[in-house]
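The values are calculated or read from the model by the stated rules, or taken from the named source; none is laboratory data. On a predicted model such as this, the values are computed, not experimentally measured, just so you know. Cβ placement follows ideal geometry from the backbone for every residue including glycine, while neighbour counts extend to all protein chains displayed. Just the protein is used for accessible areas: all its heavy atoms, side chains included, with ligands, DNA and RNA removed. Shrake-Rupley method; radii C 1.70, N 1.55, O 1.52, S 1.80 Å.
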Amino acid sequence: MVQGYCVKCRKKVEIKDPVEVTMKNGRAAVKGTCPETGSVVFRIGKL
């Protein structure tokens, strides 16, 4: 699984439903939700 930093929890969490996206500058990133709070978790890098 992919880990990312949740701002609301203030800790690293496993990203729920990770989706690979491409940012405007062409870099790959992973976007998903926090399993505890449901907020958006974003991480730069591939899956």
Could you check how many residues of region 21-30 are over 13 Å from residue 1 (Cα atoms) and part of a strand (DSSP E or B)? 4
Among the residues of the chain satisfying the criterion of being out of contact with any strand residue (DSSP E or B) (no Cβ under 9 Å at 6 or more places or on another chain) and at negative phi, which is most open to solvent (accessible area, probe 1.4 Å)? 24
Sort out which residues of region 1-20 are of a type outside the set (Val, Ile, Thr) and either free of Cβ contacts under 8 Å to residues at least 12 places away in the same chain or in a strand (DSSP E or B) (or both), and write them in order of number. 3, 4, 5, 6, 10, 11, 12, 14, 16, 17, 18, 20
